[in-house]
Amino acid sequence: MKDSLKVYNTLTRKKEIFEPLHAPFVGMYVCGPTVYSEVHLGNSRTFISFDIIYRYLMHLKYKVRYVRNITDAGHLENDADQGEDKISKKARLDELEPMEIVQKYTLDFHHVLQLFNNLPPNIEPTATGHIIEQISMVEAILKKNLAYESNGSIYFDVDAFNQEFDNDYGKLSGRNIEELISNTRDLDGQGEKRNPADFALWKKASPEHIMRWKSPWGDGFPGWHMECSVMSSKYLGKQFDIHGGGMDLKFPHHECEIAQNKATYGKKDPVKYWLHANMLTLNGQKMSKSTGNTLLPNELFSGENDKLSRAFSPMVVRFFMLQAHYRSTLDLSDSALLAAEKGFAKLMAASELVDKLKPKSESSVDIEAWINKCYSAMNDDFNTPILIAHLFDAVKIINSVQANLESLNTSDLEKLQSKFKSFIFDILGLKNEEQKEGNDALLNGVINTLIELRQQAKLKKDWASADLIRIELAKLHVVLKDTKEGTTWTLEK
Ligand code: AMP
Ligand code: ZN
């Protein structure tokens, strides 16, 4: 009997049995990047953590709708209610349109996550694509008297909300209001708020603010937390199963999201399970765009950086990240990456060897017990480091069977082959990079042989064969180009 999936819920601070609201459907919303600069390895870690969760839920046969947004407006400097919009600022510095900044870094984000072999979400909505819905939600909150207008901006009234909703604001992050108020600096414009703990739902745009929209309160732009409340409820419903993001988003971002959703839709918890991924550190300090303590994925893959001794491949980095539990911090260092590289190579070698093993009449190893241990690890709040330890137990079994020290019957061998590869490739989302390079070389060799055969056919004036080779390759999107130096080919998709 396999045990059931348990997840650690930040809201209750407990591991809970995962019971979706409408099984077999699961709605999962994860806060996406603010696309004003290259995605760094810390951001990548959070998205890899949720990729594992997405993959495992699908492996358990849940029908998952995974929504991950792109923040392309409304996120102000220092995550505050004052200051310049992060995207507008970058656009001003680079002398580009804000939407050029958004496009550039959205493409970079997708490219990096593809290198890490992350699956794309089912819906990737943008803040700027949902301004009308954000204005409607602000209107709904105003109508309930849980927000107020001040000088063309709309603020959420935290005190009024707490009176009506059993002091709910602060529950997710465990902060109390007095502490919040005493820690809030007296920033410019703070005077517009009735209470320093209040936060912006809609901000009036100053004349120089470029990203602005018409609203019932004049030209402005949405507060940062609005987009996630709107897009999660629009695509997943007023109540949904999982909301994720990095730990640093618990407060104020997720706390404000809960308050906005409850103010709009009523007392029921909008999200059943809040999941938070922990931070990647570099030299013991949080990796962060704002402090400059960052390493970009491409700097790691190319080796062009002053922090590590040499380059590491995307799969080695992914494997390195999965060796820590998603709720633990993880420090990036040369020695840890070198060790991960060795471990990853062993795992890949075993994944090739396992298919070559021959069955015997009897099994000397309990494969069912091994499979159950792997599932127990993943069912225990997606414990990838424990799963990886079990995968290395399987590497030992595979090597022992190969050396005739252990044996597996046909059925056990088939189970080991299928589960070992399924855990590595489908659930952990790793891939064999050497195999891909090998495949590229093979493809090159096969096409060049066909080009040579076509050349010989032409010399014999066998035009029919020469054309056949060209036409058949074109059907596979392989386009041949005859030049003075010879024939070249490209793959055109
Ligand atoms: P941002 O683009 O700053 O909005 O961040 C995108 C995601 O990356 C959020 O879920 C953050 O919590 C997460 N994040 C930011 N820094 C780190 C870090 N050093 N380690 C892990 N996740 C991070
Ligand atoms: Zn968000």
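Keeping to the stretch 465-493, report how many residues are out of contact with any helix residue (DSSP H, G or I) (no Cβ under 8 Å at 6 or more places or on another chain) and at pLDDT 85 or above.
Summing the residues that are out of contact with any helix residue (DSSP H, G or I) (no Cβ under 8 Å at 6 or more places or on another chain) and at pLDDT 85 or above in the stretch 465-493 gives 10.
Residues that are within 21 Å of residue 12 (Cβ to Cβ), touching a helix residue (DSSP H, G or I) at 6+ places or on another chain (Cβ under 8 Å) and within 16 Å of ligand 1 (Cβ to nearest atom), at least 3 per element: which strands (runs of 3 or more DSSP E) completely within the stretch 184-268 meet that?
Values: elements: 199-204, 220-222, 240-246.
Once the strands (runs of 3 or more DSSP E) in the stretch 184-268 are filtered for at least 3 residues that are within 21 Å of residue 12 (Cβ to Cβ), touching a helix residue (DSSP H, G or I) at 6+ places or on another chain (Cβ under 8 Å) and within 16 Å of ligand 1 (Cβ to nearest atom), what remains is 240-246.
Tell me yes or no: at least one residue of the stretch 75-91 is within 30 Å of residue 429 (Cα to Cα), touching a residue at least 60 places away in the same chain (Cβ under 8 Å), of a type in the set (Val, Ile, Thr) and within 15 Å of ligand 1 (Cβ to nearest atom). So that I can check it myself, show each step before the final result.
So in the stretch 75-91, the residues within 30 Å of residue 429 (Cα to Cα) come out as none.
No, because not a single residue in the stretch 75-91 is within 30 Å of residue 429 (Cα to Cα), touching a residue at least 60 places away in the same chain (Cβ under 8 Å), of a type in the set (Val, Ile, Thr) and within 15 Å of ligand 1 (Cβ to nearest atom).
Condition first: buried (at least 16 other Cβ atoms within 10 Å of the Cβ), farther than 30 Å from residue 313 by Cα and of a type in the set (A, V, I, L, M, F, W, C). Can you find one or more residues in the stretch 453-463 that meet it?
yes
Can you name the residue in the stretch 12-43 that is among the aromatic types (Phe, Trp, Tyr) and under 25 Å from residue 225 (Cα atoms) and, of all such residues, is farthest from ligand 2 (Cβ to nearest atom)? Explain how you work it out, then say what you get.
We begin by selecting, within the stretch 12-43, every residue among the aromatic types (Phe, Trp, Tyr); these are 18, 25, 29, 36.
Narrowing the set further to residues that are under 25 Å from residue 225 (Cα atoms) leaves 29, 36.
On the way: 29: 8, 36: 15 Å.
Checked the stretch 12-43; the qualifying residue farthest from ligand 2 (Cβ to nearest atom) is 36.
If residue 29 passes every condition in (1) modelled with pLDDT under 95; (2) within 12 Å of ligand 1 (Cβ to nearest atom) but one, which one does it miss?
Residue 29 satisfies all of (1) modelled with pLDDT under 95; (2) within 12 Å of ligand 1 (Cβ to nearest atom) except (1).
Scan the stretch 470-486 for residues that are in contact with a Leu (Cβ under 9 Å, 6 or more places away or on another chain) and either assigned to a helix (DSSP H, G or I) or under 10 Å from residue 450 (Cβ atoms) (or both) and jot them down. Talk me through it step by step, then tell me what you get.
Filtering the stretch 470-486 for residues in contact with a Leu (Cβ under 9 Å, 6 or more places away or on another chain) gives 470, 472-474, 476-480.
Selection gives 470, 472, 473, 474, 478, 480.
Under 9 Å between Cβ atoms, at least 6 apart or on separate chains: pull out the pairs that start in the stretch 227-253 with a residue that is farther than 20 Å from residue 44 by Cα and end on any residue that is of a type in the set (Asp, Glu) and near ligand 1 (Cβ under 9 Å from one of its atoms).
252/79
Going by the structure shown, is residue 62 crowded, with 22+ Cβ neighbours inside 10 Å and over 11 Å from residue 36 (Cα atoms)?
Working: crowded, with 22+ Cβ neighbours inside 10 Å: no; over 11 Å from residue 36 (Cα atoms): yes.
No.
Would the stretch 50-64 turn up any residue that is away from ligand 2 (no atom under 16 Å from the Cβ), of a type in the set (Lys, Arg) and out of contact with any strand residue (DSSP E or B) (no Cβ under 7 Å at 6 or more places or on another chain)? Write out each step before concluding.
Initial filter on the stretch 50-64 (away from ligand 2 (no atom under 16 Å from the Cβ)): 51-64.
Retained after the next criterion (residues that are of a type in the set (Lys, Arg)): 55, 61, 63.
If we keep only those that are out of contact with any strand residue (DSSP E or B) (no Cβ under 7 Å at 6 or more places or on another chain) as well, we get 55, 61.
Within the stretch 50-64, one or more residues are away from ligand 2 (no atom under 16 Å from the Cβ), of a type in the set (Lys, Arg) and out of contact with any strand residue (DSSP E or B) (no Cβ under 7 Å at 6 or more places or on another chain).
On the given criteria, is residue 85 modelled with pLDDT under 95, surrounded by 23 or more Cβ atoms within 10 Å (Cβ to Cβ) and out of contact with any helix residue (DSSP H, G or I) (no Cβ under 7 Å at 6 or more places or on another chain)? First the steps, then the outcome.
Numbers: modelled with pLDDT under 95: yes; surrounded by 23 or more Cβ atoms within 10 Å (Cβ to Cβ): yes; out of contact with any helix residue (DSSP H, G or I) (no Cβ under 7 Å at 6 or more places or on another chain): yes.
Yes; evaluated as a whole, the condition is true for this residue.
Among the residues of the stretch 413-434 satisfying the criterion of being without any contact (Cβ under 8 Å) to a residue 60 or more places away in the chain and charged (D, E, K, R), which is nearest to residue 376 (Cα to Cα)?
Going residue by residue through the stretch 413-434, those that are without any contact (Cβ under 8 Å) to a residue 60 or more places away in the chain are 413-415, 418-419, 423.
If we keep only those that are charged (D, E, K, R) too, we end up with 414-415, 419.
Details: 414: 21, 415: 17, 419: 14 Å.
Looking at residues that are without any contact (Cβ under 8 Å) to a residue 60 or more places away in the chain and charged (D, E, K, R), I get 419.
Go through the stretch 254-295 and count every residue that is within 16 Å of ligand 2 (Cβ to nearest atom) and free of Cβ contacts under 8 Å to residues at least 60 places away in the same chain.
3
Test residue 430 against the stated conditions and say whether it is modelled with pLDDT of 90 or more and either in the same structural domain as residue 364 (by TED's automatic domain parsing) or not in a strand (DSSP E or B) (or both).
Numbers: modelled with pLDDT of 90 or more: yes; either in the same structural domain as residue 364 (by TED's automatic domain parsing) or not in a strand (DSSP E or B) (or both): yes.
The answer is yes for residue 430.
For the list (1) surrounded by 15 or more Cβ atoms within 10 Å (Cβ to Cβ); (2) closer than 30 Å to residue 379 by Cα, I need the number of the one condition that residue 301 fails.
The single condition residue 301 does not satisfy is (2).
Are any of the residues in the stretch 90-111 within 16 Å of ligand 2 (Cβ to nearest atom), over 18 Å from residue 128 (Cα atoms) and either within 12 Å of the chain's Cα centre (by Cα) or assigned by TED's automatic domain parsing to the domain that holds residue 244 (or both)?
No, the stretch 90-111 contains no residue that is within 16 Å of ligand 2 (Cβ to nearest atom), over 18 Å from residue 128 (Cα atoms) and either within 12 Å of the chain's Cα centre (by Cα) or assigned by TED's automatic domain parsing to the domain that holds residue 244 (or both).
Identify, by number, the condition in (1) under 19 Å from residue 279 (Cβ atoms); (2) touching a strand residue (DSSP E or B) at 6+ places or on another chain (Cβ under 9 Å); (3) within 15 Å of ligand 2 (Cβ to nearest atom) that residue 79 doesn't meet.
Going through (1) under 19 Å from residue 279 (Cβ atoms); (2) touching a strand residue (DSSP E or B) at 6+ places or on another chain (Cβ under 9 Å); (3) within 15 Å of ligand 2 (Cβ to nearest atom) one by one, residue 79 breaks only (2).
Which condition number does residue 408 fail, the rest of (1) closer than 30 Å to residue 47 by Cα; (2) surrounded by 15 or more Cβ atoms within 10 Å (Cβ to Cβ) being met?
(1)
The values are calculated or read from the model by the stated rules, or taken from the named source; none is laboratory data. The shown structure was predicted, so the numbers you read here are calculated from the model rather than taken from an experiment. Cβ atoms come from the backbone with ideal geometry, glycine included; neighbour counts cover every protein chain shown.
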